[in-house]
1. Report relative contact order for the stretch 117-251 in percent, whole number only (criteria: Cα-Cα under 8 Å, sequence separation at least 6).
2. May I ask you to list the aspartates and glutamates whose Cα is less than 14 Å away from that of Lys83, ignoring any residue fewer than eight positions away on the same chain?
3. Can you check what the net charge comes to around Cys170, using other residues whose Cβ is under 12 Å from the Cβ of Cys170 (Lys, Arg +1; Asp, Glu -1)?
4. Across the stretch 159-168, in residue order, what do the Karplus-derived ³J(HN,Hα) couplings come to in whole Hz, using 6.51 cos²θ - 1.76 cosθ + 1.60 with θ = phi - 60° and x for Gly and Pro?
5. On the accessible surface of the stretch 133-251, probed at 1.4 Å, how many percent belong to carbon and sulfur atoms?
6. Please state, to two decimals, what the Cα-based radius of gyration of the stretch 3-250 comes to when divided by 2.2 N^0.38 Å (N = residues).
7. What full-extension length gain, to one decimal in nm, is calculated for Asp3 and Gln93 as 0.36 nm per residue of separation minus the Cα-Cα distance?
8. Might you report the magnitude of the Cβ-based charge dipole of the stretch 3-250 about its Cα centre, with Lys and Arg at +1 and Asp and Glu at -1, to the nearest 20 debye?
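The values are calculated or read from the model by the stated rules, or taken from the named source; none is laboratory data. Quantities reported herein were computed from a predicted structural model and do not represent experimental measurements. Here the Cβ positions follow ideal geometry from the backbone for every residue, glycine too, while neighbour counts run over all protein chains shown. These area figures cover heavy atoms from the full protein model, side chains too; ligands, DNA and RNA do not enter into them. Shrake-Rupley method; radii C 1.70, N 1.55, O 1.52, S 1.80 Å.
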Amino acid sequence: MNDSQLLRYSRHILLDEIGIEGQQKLLAAHALVIGAGGLGSPAAMYLASAGVGRITLVDNDTVDLTNLQRQIAHTTERVGQSKAESARITLQQINPEITVTALNERVGDARLAALVADAGVVLDCTDNFATRHAVNRACVAARKPLVSGAVIRFDGQISVFDLRSGEQPCYSCLFPQDQKFEDVACSTMGVFAPLVGVVGAMQAAEALKLLMDVGGSLAGRLLMLDGLRMEWTSIAVGRNGACPVCAAQTK
Ligand SMILES: [Zn+2]
């Protein structure tokens, strides 16, 4: 690290759990952020400010006026532009020393597999079950840790699916692919603005800890936030031995 980096990351380096060694792990790391909206904005901004050396942002949407109430990586003047590119500009303004790649595309299974294989951690910041399951399948196949967040109305949830060992549940163990869920997109439902900040920032915290191998993670637990009462609930989640996504993978 040069003098400028020692100053920029000094409040991390001062932490015994991180130090220069942990910060260097972040600088050498690659995080894949799927979705540059309400969750992806704060998550990616903290990954960038914290010095994750390579960040890849994936989003095929464009910035809309209705996004700006909560998607804090975007600005009024960038309405109409690619969300991935708009977020890339914000991240590089925060930290010009890292490499940020903006992919303005809807990624299919093959593309996801390649992107996930190249990442040290994957953040699911999307708002639909089809993409969530596609991201999970890619992470199971490549054995990459997945940090998953979701927010709707005044409710949030976050968990980590640490698929490196083959012992932890995957997203589909918890939310089976064939189960019919009400796929309520934020594009049509109300979302209390700060909750995506709360959950997105926690996704960044979990991702950074995973990249540095610091502390424990949310693997095996689902945290649920009732934002109206501001109460957290933690429930244990286990593997589904019959999960069609991960059960065959580890046998
Ligand atoms: Zn599973």
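1. Reported as a whole number, the value is 29 percent.
2. Asp59, Asp61, Asp64, Glu105
3. +3
4. 8, 10, 10, 8, 8, 6, 8, x, 10, 9
5. In the stretch 133-251, the share of accessible area belonging to carbon and sulfur is 54 percent.
6. Computed over Cα atoms of the stretch 3-250, the ratio equals 0.96.
7. Result for the pair: 30.5 nm of gain on full extension.
8. Values: 21 positive and 25 negative charges, 35 e Å.
Around 180 debye, computed over the stretch 3-250.
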